[in-house]
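**Student:** Supplied in structure tokens, the structure appears directly below.
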Amino acid sequence: CDHGYSSVENQFYQLGVNLLNKCLDLDHLESDDRVKYLQGRAWANFNLNNDAQALADQETSFEIRSPTQHYEFINHAAYLRRLAHFHERLLALKSAREIDERNGRPTMMTQYNLGWTLYELRRYDEAVEAFSIGILHQPDYEFAYLRRGIAYLKQGRTKPAKEDFSEFLQLVGDKPVN
């Protein structure tokens with residue numbers, strides 16, 4: 001089982017899926033281990049574009065144990081996004097935000113994904129707010145400026161959009177951008 005999970009961590013996704021399939025067929029797995037391996041297989045399937053299976057594995061893991069970490073909801077939201085379930089994605093990200101609040105501070109990972117989802121739902125004011133909160137806590141994350149700038153443009157606010165695009169370019173520098 002650990003070899004399958006390690007394969008996923010090392011980006012050998014198909015090998016990881018194959019090994020985790022065998023692992024998850026075992027009856028003797030403890031519930032925390034089953035959750036870990038289901039979420040690992042979900043991530044591998046997501047990277048192999050097996051989106052429905054990724055979502056099914058993540059949701060099965062949630063049935064075994066309620067998520068306790070924001071990244072569990074963020075991954076869930078990514079799987080929902082690929083399947084164009086934007087409103088469900090928003091609910092997952094709000095759950096991630098609740099975990100962040102219980103931990104005492106917002107995270108860029110949550111705020112960035114929340115802003116992106118709100119943008120896709122055409123809720124531009126809320127998207128700008130989410131990106132801005134993320135930037136307050138991690139001002140060196142260049143893509144938050146890019147996405148916030150795009151949201152500003154949708155609001156017709158060209159001056160702050162240009163400022164964000166400039167900040168994005170400054171932060172990116174000579175790094176390749178995917």
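The numbers here are math on the coordinates, done by the rules we state, and not lab data. Note that the structure is a prediction, hence the values are computed from the model and not measured. Counting neighbours? That spans all protein chains shown, and the Cβs are built from the backbone with ideal geometry, glycine included.
**Student:** With the requirement that a residue be in a helix (DSSP H, G or I), free of Cβ contacts under 8 Å to residues at least 12 places away in the same chain and surrounded by 14 or more Cβ atoms within 10 Å (Cβ to Cβ), what does region 1-51 give you?
**Tutor:** SER6, LEU15
**Student:** May I pose another question? Tell me the residue from GLN155, GLN111 that is surrounded by 19 or more Cβ atoms within 10 Å (Cβ to Cβ) and at negative phi, please.
**Tutor:** Within the list GLN155, GLN111, the selection yields GLN111.
**Student:** Next question. Within the set of pairs 6+ apart or on separate chains, which have a first residue in region 77-95 that is hydrophobic (A, V, I, L, M, F, W, C), a second that is outside any helix (DSSP H, G or I), and C-beta atoms under 7 Å apart?
**Tutor:** These pairs meet every condition: PHE86/LEU121; LEU90/LEU121.
**Student:** Would you pick out the residues in region 75-90 that are within 8 Å of the chain's Cα centre (by Cα) and surrounded by fewer than 24 Cβ atoms within 10 Å (Cβ to Cβ)? Before you say what the answer is, go through the steps one by one.
**Tutor:** Pass one, region 75-90, residues within 8 Å of the chain's Cα centre (by Cα): 75-78.
Scanning region 75-90 gives ASN75, ALA78.
**Student:** Among the residues that make up region 100-122, is at least one of them in a helix (DSSP H, G or I), in contact with a helix residue (DSSP H, G or I) (Cβ under 7 Å, 6 or more places away or on another chain) and over 23 Å from PRO67 (Cβ atoms)?
**Tutor:** Yes, because at least one residue in region 100-122 is in a helix (DSSP H, G or I), in contact with a helix residue (DSSP H, G or I) (Cβ under 7 Å, 6 or more places away or on another chain) and over 23 Å from PRO67 (Cβ atoms).
**Student:** Kindly evaluate ALA144 against the criterion of being touching a His at 6+ places or on another chain (Cβ under 8 Å) and crowded, with 19+ Cβ neighbours inside 10 Å.
**Tutor:** no
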